[in-house]
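Visitor: This structure is in structure tokens; I'll ask about it shortly.
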Amino acid sequence: MSPDLSEEKINFYRENGYVIIEDFLSADELEHWRNVVARAVGERNGLKMPGKEVRIGDDDGINEDAAYFNNVFDQLLNLWQTNAEMERLMVDERIGKMAADLAGVDGIRIWHDQALIKRPWANPTSWHLDTPFWSFSDRRALSIWVALDDATLENGCLFFIPGSHKTTTFENAGIGKNMGGIFEVYPEFKQAKSHAAVMKAGSCSFHNGLTIHGAHANMTPGFRRAMTCAYMPDGNRYNGTPNILPDEYVATLSVGDLLDNDKQNPLIYKR
Ligand SMILES: O=C(O)CCC(=O)C(=O)O
Ligand SMILES: [Fe+2]
């Protein structure tokens, strides 16, 4: 893994709101990431995130929408908090530097990591924005998405609407059943052409949290595994949305407070 991004990659990201880095991981690194993800996910016994008693598939029976969402992907958050090997992968300063260079910021904190595993025949991930879900509001926030399997048109690769990050706001459509719901929020993109982020295993993409993105259904009997991490530029303040913050931490926060708790949001890179 090299932390140095070319000027061309950075410019592409700024212009389009996403960029693909081919061969981000070497073959050995990919093997290690796959093993760590498998171990970290296995240890959870279906627990989605530390601090909240929600298990994968728990709410399947509640209604049809929950059952649909549960078959978009298995989503396990903040694996870095429950697995030491995952923590080592996620706090890697080299990745922090890449994120900081792309975002054009001086410091990067982990917002949350997540393994996103599309099972065989999984539902599509409807078009959405990320940042509006989060507890801070920063147009520069971004995520890395590392392909642990080849991400193909058949098994559910990501798609982006190039340039959408420049004008979207913090209004969102949920990741529900309506694949194109976001285009009712942003009708100016109804005619936009999407870009399919087909990637080999070990490659990654970075995307701005305000870039409209989604993913295909998995039309194959194989898995489409991804390890992702969302990043908050250092210096952000609480906007009143609890998102994934533990209840005890939220109870101590007022709107406008600095989000600088290293146990929850470690600073992984500082210029
Ligand atoms: O992997 C997917 O299907 C969706 C990923 C996504 O929305 C994200 O990483 O922000
Ligand atoms: Fe997303």
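The values are calculated or read from the model by the stated rules, or taken from the named source; none is laboratory data. As the structure is a prediction and not an experimental result, all values here were calculated from the model. Ideal geometry is used to build each Cβ from the backbone, glycine not excepted, and the neighbour counts take in all protein chains shown.
Visitor: Sort out which residues of segment 36-50 are in a helix (DSSP H, G or I), surrounded by fewer than 17 Cβ atoms within 10 Å (Cβ to Cβ) and not charged (D, E, K, R), and write them in order of number. Steps first, please.
Guide: The first filter runs over segment 36-50 and keeps only residues in a helix (DSSP H, G or I), leaving 36-43.
Checking which are surrounded by fewer than 17 Cβ atoms within 10 Å (Cβ to Cβ) leaves us with 38-39, 42-43.
Listed by number, the residues that qualify are A38, G42.
Visitor: Going by the structure shown, is E85 surrounded by 15 or more Cβ atoms within 10 Å (Cβ to Cβ) and touching a residue at least 24 places away in the same chain (Cβ under 8 Å)? I'd like the intermediate steps shown before the answer.
Guide: Numbers: surrounded by 15 or more Cβ atoms within 10 Å (Cβ to Cβ): yes; touching a residue at least 24 places away in the same chain (Cβ under 8 Å): yes.
Spelling it out, E85 is indeed surrounded by 15 or more Cβ atoms within 10 Å (Cβ to Cβ) and touching a residue at least 24 places away in the same chain (Cβ under 8 Å).
Visitor: Still on this structure: Could you look through segment 180-199, keep only residues that are in a loop (DSSP other than H, G, I, E, B) and farther than 15 Å from F160 by Cβ, and pick out the one that is nearest to ligand 1 (Cβ to nearest atom)? Reasoning before the result, please.
Guide: The initial filter retains those residues of segment 180-199 that are in a loop (DSSP other than H, G, I, E, B), namely 180-181, 186, 190-194, 198.
Filter once more, keeping what is farther than 15 Å from F160 by Cβ: 181, 190-191.
Details: G181: 14, K190: 20, Q191: 22 Å.
That would be G181.
Visitor: Scan segment 170-184 and report the pairs whose first residue is under 23 Å from F136 (Cα atoms) and whose second residue is modelled with pLDDT of 90 or more and exposed (fewer than 13 other Cβ atoms within 10 Å of the Cβ), with Cβ atoms within less than 8 Å and a gap of 6+ or a chain change.
Guide: Short answer, once both residue conditions are applied: A173/E184.
Visitor: Here is a further query. Quick one: would you say H165 is touching a residue at least 24 places away in the same chain (Cβ under 8 Å), in a strand (DSSP E or B), touching a helix residue (DSSP H, G or I) at 6+ places or on another chain (Cβ under 9 Å) and not hydrophobic (A, V, I, L, M, F, W, C)?
Guide: Numbers: touching a residue at least 24 places away in the same chain (Cβ under 8 Å): yes; in a strand (DSSP E or B): no; touching a helix residue (DSSP H, G or I) at 6+ places or on another chain (Cβ under 9 Å): yes; not hydrophobic (A, V, I, L, M, F, W, C): yes.
Criteria not met by H165.
Visitor: Follow-up question, since we're still on this one. Can you tell me which of N243, N265 is away from ligand 2 (no atom under 15 Å from the Cβ) and either assigned to a loop (DSSP other than H, G, I, E, B) or surrounded by fewer than 20 Cβ atoms within 10 Å (Cβ to Cβ) (or both)? Steps first, please.
Guide: Working: N243 fails: away from ligand 2 (no atom under 15 Å from the Cβ).
Just a single option satisfies the conditions, and that option is N265.
Visitor: Which residues, counting only those in segment 77-88, are part of a helix (DSSP H, G or I) and over 15 Å from the mean Cα position of the chain (by Cα)?
Guide: First pass over segment 77-88, keeping only residues part of a helix (DSSP H, G or I): 79-81, 84-88.
Once the filter is applied, which keeps residues that are part of a helix (DSSP H, G or I) and over 15 Å from the mean Cα position of the chain (by Cα), segment 77-88 yields Q81, A84, E85, M86, E87, R88.
Visitor: Is at least one residue of segment 93-114 part of a strand (DSSP E or B), within 11 Å of ligand 1 (Cβ to nearest atom) and either of a type in the set (S, T, Y) or surrounded by fewer than 21 Cβ atoms within 10 Å (Cβ to Cβ) (or both)?
Guide: No; the residues of segment 93-114 include none that is part of a strand (DSSP E or B), within 11 Å of ligand 1 (Cβ to nearest atom) and either of a type in the set (S, T, Y) or surrounded by fewer than 21 Cβ atoms within 10 Å (Cβ to Cβ) (or both).
Visitor: Let me ask another. Got a sec? Which of A215, A141, A173 is within 13 Å of ligand 2 (Cβ to nearest atom) and more than 20 Å from A115 (Cα to Cα)?
Guide: Working: A215 fails: more than 20 Å from A115 (Cα to Cα); A141 fails: more than 20 Å from A115 (Cα to Cα).
So the residue among A215, A141, A173 that is within 13 Å of ligand 2 (Cβ to nearest atom) and more than 20 Å from A115 (Cα to Cα) is A173.
Visitor: Ok, one more. If a residue must be among the β-branched types (V, I, T) and closer than 19 Å to F136 by Cβ, how many such residues does segment 81-110 contain?
Guide: Number satisfying all stated conditions: 3.
Visitor: Sort out which residues of segment 200-226 are touching an Asp or Glu at 6+ places or on another chain (Cβ under 7 Å) and either assigned to a strand (DSSP E or B) or modelled with pLDDT under 95 (or both), and write them in order of number.
Guide: Within segment 200-226, R224, R225 meet the criteria.
Visitor: Please work out if T152 is within 16 Å of ligand 2 (Cβ to nearest atom) and buried (at least 18 other Cβ atoms within 10 Å of the Cβ).
Guide: Numbers: within 16 Å of ligand 2 (Cβ to nearest atom): no; buried (at least 18 other Cβ atoms within 10 Å of the Cβ): yes.
No: the conditions fail for T152.
Visitor: Could you figure out which of (1) more than 15 Å from ligand 1 (Cβ to nearest atom); (2) over 15 Å from the mean Cα position of the chain (by Cα); (3) of a type outside the set (K, R) isn't true of A122?
Guide: All conditions are met except number (1).
Visitor: Condition check: in contact with a Leu (Cβ under 9 Å, 6 or more places away or on another chain), more than 16 Å from ligand 1 (Cβ to nearest atom) and assigned to a helix (DSSP H, G or I). Does E53 satisfy that? Even if it seems obvious, please write down each step before you answer.
Guide: Working: in contact with a Leu (Cβ under 9 Å, 6 or more places away or on another chain): yes; more than 16 Å from ligand 1 (Cβ to nearest atom): yes; assigned to a helix (DSSP H, G or I): no.
No; evaluated as a whole, the condition is false for this residue.
Visitor: Separate question: Among the listed residues A147, A122, identify the single one that is farther than 24 Å from M98 by Cβ and within 16 Å of ligand 2 (Cβ to nearest atom).
Guide: Values: A147 fails: farther than 24 Å from M98 by Cβ.
Just a single option satisfies the conditions, and that option is A122.
Visitor: Another question about this same structure. Starting from residues that are assigned to a strand (DSSP E or B) and β-branched (V, I, T), keep the ones in segment 139-159 and report whichever is farthest from the chain's Cα centre (by Cα). Spell out the reasoning first.
Guide: Restricting attention to segment 139-159, the residues satisfying the condition of being assigned to a strand (DSSP E or B) are 142-147, 151, 158-159.
Narrowing the set further to residues that are β-branched (V, I, T) leaves 144, 146.
Values: I144: 6, V146: 9 Å.
This residue is V146.
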